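For reference, the structure discussed in these notes is given below.
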Amino acid sequence: MAGSKTPAVELDVAGRTVRVTSPDRVVFPRGITKLQVVEYFVAVSDGITGALLDRPTTLERWPKGWHEGARLTARMPKPDDPKGDGFYQKRVPKGAPGYVETATIAFPSGRTADEVCPTEPAVVAWAANVGTLTFHPWPVRRDDVEAVDQLRIDLDPQPGTAFAEAAAVAPHLRELLGELNLIGYPKTSGGRGLHVFVPLEPRWTFTEGRRATIAIGRELERRLPGKVTTRWWKEERGEAIFVDYNQMARDRTIASAYSIRANGRATVSMPLEWDEVDKVHPDDFDVLTAPGRFAERGDLFAALRADRDPELDCSLDDALELAARDEADGLEDLPYPPEYPKMPGEPKRVQPSRDKDRDRTKD
């Protein structure tokens, strides 16, 4: 996107001045500018701040905006070796203002990083000014970054399926969660999928959260054969909704509620009521329309805030009992993401079509 010579604009964000540079820079081809992006986050500040509050957060930055064919890279490219248009910022950017606080997290490799840890609306506005569209918070609080306090279930449509198929799974997931004494809160991913978050007592490990998600996914497979899958390898999934259980693994995050997604519509990840999941489409909610909905409905994800009433917290005990039953029946663990070291109890991490041992077994 072209640069801007327009003078910076100063916004009052909950009593703190945030400077927006290049305010007329076009961030989305629809004509949505950088100032409109920042103003969107200010309009939904109670919701986006609640979604990020006290959580280590990876920033998905698009400093020059999004365009058709734009590429997202794993880390910030070097100035003399650009590899993409957007990148994930896992460490607090240099030059961040003093009110931007951090939390130290550990990656699967054992390395650590100080990530942005939002504590007030101005942090979100500042991050938007440096190009952040999507915020990826960890499911932990900074006072104990090892204690998972959210279960996050990602219903991910595979080729041949779309949001409608994910929405069709939603009532079955809601029923199952109820049987496990869990209360879920749905939202659009901002893309084709559906996310369901559950507030948890802040005492669970990443491993326990992942085990519980696998068990929930497997039970959905049993109830909806051919329509839901937990198969990690894409070649095995078919035209089904994939329960991406690895989104509960350490350092794997999901776009927060009210985050903007990098696509042509400039959609946002919008919290929903359960009874409207099958009546909406992700394209209904974008940077221009979401503020009006937020003003009307309020924060439908307030129960997931880090400072929520502990009475809203759920226990994973029943879900982990379901996992234990599956394991007693011979169902083993499932593969971890490729960047992970080999994990205890993990099966062979080999694509089935390239597994020579598997081929010999079939013969």
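If we sort 281-287, 53-59 on the protection proxy, mean other Cβ atoms within 10 Å, highest first, what's the order? Walk me through the numbers before you get to the answer.
Working: 281-287: 19.4, 53-59: 23.7.
Top to bottom by mean Cβ count within 10 Å: 53-59, 281-287.
Which percent of the accessible area of the chain is formed by carbon and sulfur heavy atoms (probe 1.4 angstrom)? Intermediate values should be presented prior to the final figure.
Working: 7920 of 16270 Å².
So the carbon and sulfur contribution to the accessible surface is 49 percent.
Relative contact order for region 80-137 using alpha-carbon pairs under 8 Å, separation at least 6, rounded to a whole percent? Write out the running numbers ahead of the final one.
On the way: 43 pairs, mean separation 15.6, N = 58.
Once divided by the residue count of region 80-137, the mean separation gives 27 percent.
For region 51-206, lysine pairs with C-alpha atoms less than 21 angstrom apart, excluding pairs fewer than eight positions apart on the same chain, total 7. Rounded to the nearest 20 debye, the dipole magnitude of region 74-228 is 340 debye, with +1 charges on Lys and Arg beta carbons, -1 on Asp and Glu beta carbons, and the Cα centre as origin.
Bridgeable aspartates and glutamates around residue 5 (alpha carbons under 16 Å apart, same-chain partners fewer than 8 residues away excluded): 24.
Step by step: find N for region 250-345, compute 2.2 N^0.38 Å, then divide the Cα radius of gyration by it. What's the final number?
After normalising by residue count via 2.2 N^0.38 Å, the value is 1.49.
Length gained on full extension, residue 284 to residue 113: 57.9 nm, using 0.36 nm per residue less the C-alpha separation. Relative to the longest principal axis of the Cα atoms of the chain, helix 317-328 runs at roughly 40 degrees. A 1.4 Å probe run over the chain, with the rest of the protein chains in place, finds 45 Å² accessible per residue.
In the elastic network of the chain, a GNM with C-alpha springs shorter than 10 Å, the most mobile of 50, 65, 330 is 330.
Every helix of 4 or more DSSP H residues in the chain counts as -39500 (n - 2.57), and over all residues that averages to -7500 deg cm²/dmol at 222 nm.
Angle of helix 206-223 to the longest C-alpha principal axis of the chain, folded into 0 to 90 degrees and rounded to 10: 60°. Only Lys, Arg, Asp and Glu carry charge here, each on its Cβ (+1 for the first two, -1 for the last two); on that basis the chain has a dipole of about 1640 debye about its Cα centre. Axis of helix 34-43 versus longest Cα principal axis of the chain: the two differ by about 70°, to the nearest ten degrees. Here the relative contact order of the chain, from alpha carbon pairs under 8 Å that lie six or more residues apart, stands at 18 percent.
Of the residues 206, 224, 259, the one whose Cα sits farthest toward the positive end of the charge dipole of region 166-293, with +1 on the Cβ of Lys and Arg and -1 on the Cβ of Asp and Glu, is 206. Excluding residue 120 itself, calculate the net charge of residues whose Cβ lies under 12 Å from the Cβ of residue 120, where each Lys or Arg counts +1 and each Asp or Glu counts -1. Within the 12 Å Cβ shell, the charges total -2.
Ranking 303, 93, 324 by how far each Cα lies toward the positive end of the dipole of the chain (charges on Cβ) leaves 93 at the top. With a ≥ b ≥ c taken as the square roots of the eigenvalues of the C-alpha gyration tensor of region 172-276, please select rounded if a/c is under 1.5 and otherwise prolate if a/b is larger than b/c or oblate if it is not? Rounded, because the longest to shortest axis ratio a/c is under 1.5.
The values are calculated or read from the model by the stated rules, or taken from the named source; none is laboratory data. Note that the structure is a prediction, hence the values are computed from the model and not measured. Backbone-built Cβ (ideal geometry, glycine too); neighbour counts: all protein chains shown. Keep in mind that these areas ignore ligands, DNA and RNA; they rest on the heavy atoms of the full protein, side chains included. Shrake-Rupley method; radii C 1.70, N 1.55, O 1.52, S 1.80 Å.
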